[in-house]
1. Once amide H atoms are placed 1.01 Å from N in the peptide plane, what residues at a sequence separation of 5 or more from V132, or on another chain, have their amide H within under 5 Å of its amide H?
2. Report the charge-dipole magnitude of the range 47-301 in Debye, nearest 20, computed about the Cα centre from +1 at each Lys and Arg Cβ and -1 at each Asp and Glu Cβ.
3. Only Lys, Arg, Asp and Glu count, each charged at its Cβ (+1, +1, -1, -1), so figure out the dipole size of the range 62-187 about its Cα centre, rounded to 20 debye.
4. State whether the range 47-301 is rounded, prolate or oblate according to the following rule on the C-alpha gyration tensor (a ≥ b ≥ c being the square roots of its eigenvalues): a/c under 1.5 gives rounded; otherwise a/b larger than b/c gives prolate, and the remaining case gives oblate.
5. Express the relative contact order of the range 47-301 as a whole percentage, based on alpha carbon pairs under 8 Å and six or more residues apart in sequence.
6. If you take the beta carbon distance between S148 and Q99 as r and set R0 to 22 Å, what does 1/(1 + (r/R0)^6) give as a FRET efficiency, to the nearest 0.05?
7. With θ taken as phi - 60° and the coefficients 6.51, -1.76 and 1.60, list the Karplus ³J(HN,Hα) couplings across the range 109-118 in order, rounded to whole Hz; mark glycine and proline as x.
8. For K186 and Q238, what is the calculated FRET efficiency with R₀ set at 22 Å and r taken between the beta-carbons, to the nearest 0.05?
Amino acid sequence: MKNAGKPEKERRKYRCPYAVRANQMRPISGSTYTEVFNDLEESKYQNAEPRLSIYGRKMEEWDCLAEWAVKHNMYSDNVRYLIQMPRLYDVFRSNNLVQNFQQILDNVFLPLFEVTAKPSSHPELHLFLRYVTGFDSVDDESKPENPSFDKDINPPLQWTDKENPPYSYYLYYMYANMCVLNHFRKSRGLNTFVLRPHCGEAGAVQHLITGFLLSENISHGLLLRKVPVLQYLYYLAQVGIAMSPLSNNSLFLNYHRNPLPEYLSRGLNVSLSTDDPLQFHFTRVSNLFYHLNGFDFTLLCFEPAI
């Protein structure tokens, strides 16, 4: 995704990155990415994984995002992107933007199958996907879920209600499509993707069961502290858990009650992460609150690196 000509740092001065939305791209300061990218490259041993949103409202979203990334040279060897899918079917359906859940799945995954089969059909998307590691599913987990995901539930094409599908429904169909897509991409010698959803921050503990069965790792996992059996399964399988105590402190759980030090001492595969870092920042605060020693902090840094 690099352009020829001017030196890398000089080119970056002319970037004008955007905050990407389903229906528009809002310009934000180019210095935001310039400073981060340059700092990461100069440090050599630090990496970042920003999240970018694909909503599934329109099929053109992927091309729009890829065009932005390539046009503004949003490339660094120290940066990879995770694509997050907000669970907003109910909002889109209420506004008649989609007619069923299958449309969202088609809008998200069909362009990926097309570009895998024929890279020249979406050349910028083909370049951009080289720097995408996986998918995330995000929304407020505390929202009540009425339908249960069982054999009687409607398939995506018949899900025309204005009610949102349950958490497990979203993750299952993301996982199913990703499995087929990954096999296809692997057969073509292309990079594959992992599923790493927000899971267990709030809401029903069943979310953690879904995450355990379908995910490479999860973000938050706070509710594992209430379900020892599931906590033990996560330990045995070494499912990764990226935790964000500062964010949780503002939204769900007091910092002193955060289970991160307990998980770490029991051998769960935990790492320390920022969540909305411009609002909740500084992972080093954990050292002050939890009195972690050098070995503990090394583990927290080592797990996400591998």
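We did not get these values from a lab; they are worked out from the coordinates using the rules stated. The structure presented is a predicted model; accordingly, all values stated were derived computationally and were not measured. Quick reminder, even Gly has a Cβ in these numbers, built from the backbone with ideal geometry, and neighbours come from all protein chains shown.
1. HN-HN under 5 Å from V132: Y81.
2. 440 debye
3. Roughly 460 debye, rounded to the nearest 20.
4. Here the range 47-301 falls in the oblate category.
5. Worked out over the range 47-301, it gives 14 percent.
6. It comes out at approximately 0.40.
7. 9, 4, x, 6, 5, 4, 6, 6, 5, 9
8. Given R0 = 22 Å and the Cβ-Cβ separation, E is 0.45.
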